[in-house]
Amino acid sequence: MAMLNDKMETEIVRIAVQKSGRLQEGSIQLLKESSLRFSNGKDQLKTKAVNFPVELLFLRDDDIPQYVEDGVADAGIVGENVFIEKQKNNKLVNRLNFGICRLSLAVPRSVEYTNIQWFNGKNIATSYPFIVRQFLEQNNIQAGIHEISGSVEIAPGIGLADAICDIVSTGSTLLSNGLKEVEVVLRSEAVLIAGPDLSAAKQSILDKLLFRIEAVQKAKNNKYILLNCPNEAIEPITRIIPGMKSPTILPLAKKGWSSLHSVVDENDFWEKIDQMKALGAEGILVIPIEKMIL
Ligand code: PRT
Ligand code: ZN
């Protein structure tokens, strides 16, 4: 164990992140929220964290899976769409809940689309030939795939293809190119990927980082809640917001009343507030949580 610890201090995990583009900011922000500090900016090729054994390599997102497979980087942050399309020897470590988008089939707005059979015999332009081919096979559709690397959305307009398969976020790119989304092929978000066989020391560093990332993610999904309630409402309110172990109860100066502190899931927050108000809760304060460790 002592050896592993000694080695951990000299060992470093190299994480490839997008140099510039849609995932760059989210990737750095997540690492910063995990308390990693970096001295120099993103204009470098790489930068070391000053307080954690991690080095960032700044690369084009398309190249990250290959670098991770080759061991040039130990881990990387890419869109799940890129992870699946590239079919490299990478493993998915964790979904990161940013860079959320979908890969969808879209056709010209004038098309009277009824179902997926429409694609039989058609030509589809895409930068994701593997994913599209797989989707077509699963749905027994025979269609041509025309691989292009950028500006996929203009393909139908210039007669290059009948339809496209591309990333959609708000849908405004499709709209302004006279296209409509007809099938969702894949839902995607940024993911942390890692090489297939990291050394024990590197794996241990990655696990520590993952622990922090999970604490940040849990915190984002929860809120700290404080409220005042009559003492007889403590029990039913505790059943609604049991918190991590159980709520903290503090007596108020006003007789027969208490202050109750707990944690509530963001998703069912409003519904729970209504239930607690009905039980007599007042003066409800809701506060963001920075890190959450169960
Ligand atoms: O230079 P590099 O190769 O590193 O970057 P890139 O240009 O290949 O990728 P980039 O930065 O555009 O996207 C990186 C990742 O962000 C993608 O692989 C997705 O996982 C994710 N992502 C999230 C998106 C979008 N949202 C997105 N909206 N990737 C691309 N788009 C594009 C899409 O291609 C289309 O042109 O935005 C347009 C659609 O957006 P809406 O909002 O008009 O629907
Ligand atoms: Zn790219």
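Check the range 156-170 and report whether any residue there is without any contact (Cβ under 8 Å) to a residue 40 or more places away in the chain, within 16 Å of ligand 1 (Cβ to nearest atom) and under 23 Å from I100 (Cβ atoms). Within the range 156-170, one or more residues are without any contact (Cβ under 8 Å) to a residue 40 or more places away in the chain, within 16 Å of ligand 1 (Cβ to nearest atom) and under 23 Å from I100 (Cβ atoms). Does any residue of the range 108-123 turn out to be out of contact with any His (no Cβ under 7 Å at 6 or more places or on another chain), within 16 Å of ligand 2 (Cβ to nearest atom) and at positive phi? No - not one qualifying residue is present in the range 108-123. For the range 28-49, give me each residue that is part of a loop (DSSP other than H, G, I, E, B) and either modelled with pLDDT of 95 or more or of a type in the set (S, T, Y) (or both). Across the range 28-49, the qualifying residues are S34, S35, L36, R37, S39.
Select from the range 80-95 the residues that are at negative phi and surrounded by fewer than 16 Cβ atoms within 10 Å (Cβ to Cβ) and list them in ascending order.
Our first condition is that a residue be at negative phi; within the range 80-95, this holds for 80-86, 88-95.
Those that are at negative phi and surrounded by fewer than 16 Cβ atoms within 10 Å (Cβ to Cβ): N89, K91, L92, R95.
Criterion applied to I145, I164 was being in contact with a helix residue (DSSP H, G or I) (Cβ under 8 Å, 6 or more places away or on another chain), buried (at least 19 other Cβ atoms within 10 Å of the Cβ) and not in a loop (DSSP other than H, G, I, E, B), and the one residue passing it is I164. Scanning the range 80-91 for residues that are away from ligand 1 (no atom under 12 Å from the Cβ), within 27 Å of I164 (Cα to Cα) and in contact (Cβ under 8 Å) with a residue 40 or more places away in the chain yields a single hit, Q87. Checked across the range 114-121, the condition of being in the same structural domain as A16 (by TED's automatic domain parsing), crowded, with 21+ Cβ neighbours inside 10 Å and among the hydrophobic types (A, V, I, L, M, F, W, C) holds for no residue.
Taken over the range 31-78, the criterion of being touching a helix residue (DSSP H, G or I) at 6+ places or on another chain (Cβ under 7 Å) and small (G, A, S) is satisfied by S34, S35, A73, A75, G76.
Looking only at residues in the range 53-79 that are in a helix (DSSP H, G or I) and near ligand 1 (Cβ under 7 Å from one of its atoms), the one that is surrounded by the fewest Cβ atoms within 10 Å (Cβ to Cβ) is D62.
Taken together, D207, D265 contain a single residue that is free of Cβ contacts under 8 Å to residues at least 24 places away in the same chain, under 35 Å from the mean Cα position of the chain (by Cα) and under 25 Å from V93 (Cβ atoms), which is D207.
The values are calculated or read from the model by the stated rules, or taken from the named source; none is laboratory data. In this text, all values refer to a predicted model and were calculated from it rather than measured experimentally. In this analysis, Cβ positions are derived from the backbone assuming ideal geometry, glycine residues included, and neighbour counts consider all displayed protein chains.
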